[in-house]
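Student: One structure, pasted below without further comment.
The values are calculated or read from the model by the stated rules, or taken from the named source; none is laboratory data. Bear in mind that the values here come from a model prediction, so they are computed numbers and not experimental data. We place every Cβ from the backbone using ideal geometry, glycine too, and count neighbours over all the protein chains shown.
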Amino acid sequence: MSVTVFYDRLFGTYAFVEHEEGTGISRPYADLPSFVWELANEPVDGEQFLLPNDIREQLISLGATVLDPSPGKDYSTIAGYSKVRMFSEVSLDAKYPDPIRLPTVRNRPVSKMQTLYIARDHNGKAVAQFWISSY
């Protein structure tokens, strides 16, 4: 089980909020389905990663056409993980998918980092959360 602890200053109480394994907490998108892509700290070709086909197909089945980086203020990471802010939108086009560029050190993903993309349909409506974690 994975939880985040919140403190309520008004009542002086704690709240334990459970969330899906591998995800942090996304306040404005908590009601959307979550997808998690975990990257082991393995060597990569530069810093480009192609989204796994199974995840891409599931996002497309929900109507998603792009992954939009979530502003850092909209989410909290798992304890012990750094928040990495991504700056570019990623197309889910089946024919010409965009690579995801993540920070790397010596051609390995930065360890203990997490970022959140919001999958959006062609109208810009949010349809899913897409978490990337590197450990």
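Student: Looking at the stretch 101-135, which of its residues are modelled with pLDDT under 80 and either among the hydrophobic types (A, V, I, L, M, F, W, C) or touching a Lys or Arg at 6+ places or on another chain (Cβ under 6 Å) (or both)?
Tutor: L102, V105, V110, listed by residue number.
Rundown of residues vs (1) within 15 Å of E38 (Cα to Cα); (2) not small (G, A, S), yes/no style:
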| residue | (1), (2) |
| --- | --- |
| N53 | yes, yes |
| V66 | no, yes |
| S76 | no, no |
| K83 | yes, yes |
| Y96 | no, yes |
| S111 | yes, no |
| G124 | no, no |
| A128 | no, no |
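Student: Can you find a residue in the stretch 85-92 that is under 18 Å from E38 (Cα atoms), at pLDDT 85 or above and either of a type outside the set (V, I, T) or in a strand (DSSP E or B) (or both)?
Tutor: So far as the stretch 85-92 goes, yes, one or more of its residues are under 18 Å from E38 (Cα atoms), at pLDDT 85 or above and either of a type outside the set (V, I, T) or in a strand (DSSP E or B) (or both).
Student: Could you look through the stretch 38-60, keep only residues that are at pLDDT below 90 and outside any loop (DSSP other than H, G, I, E, B), and pick out the one that is nearest to K125 (Cα to Cα)?
Tutor: So the residue we want is N53.
Student: A follow-up question, please. Can you confirm whether the stretch 127-134 contains a residue that is more than 11 Å from the chain's Cα centre (by Cα) and assigned to a loop (DSSP other than H, G, I, E, B)?
Tutor: no
Student: Looking at (1) more than 18 Å from R27 (Cα to Cα); (2) of a type in the set (G, A, S); (3) modelled with pLDDT under 85, which one does G63 not meet, given that it meets all the others?
Tutor: Every listed condition holds for G63 apart from (3).
Student: So in the stretch 61-70, with the set limited to residues that are assigned to a loop (DSSP other than H, G, I, E, B) and over 11 Å from the mean Cα position of the chain (by Cα), which one is surrounded by the most Cβ atoms within 10 Å (Cβ to Cβ)?
Tutor: This residue is A64.
Student: Hey, another quick one. In the stretch 111-126, what count of residues is obtained for those that are part of a strand (DSSP E or B) and among the polar types (S, T, N, Q)?
Tutor: 2
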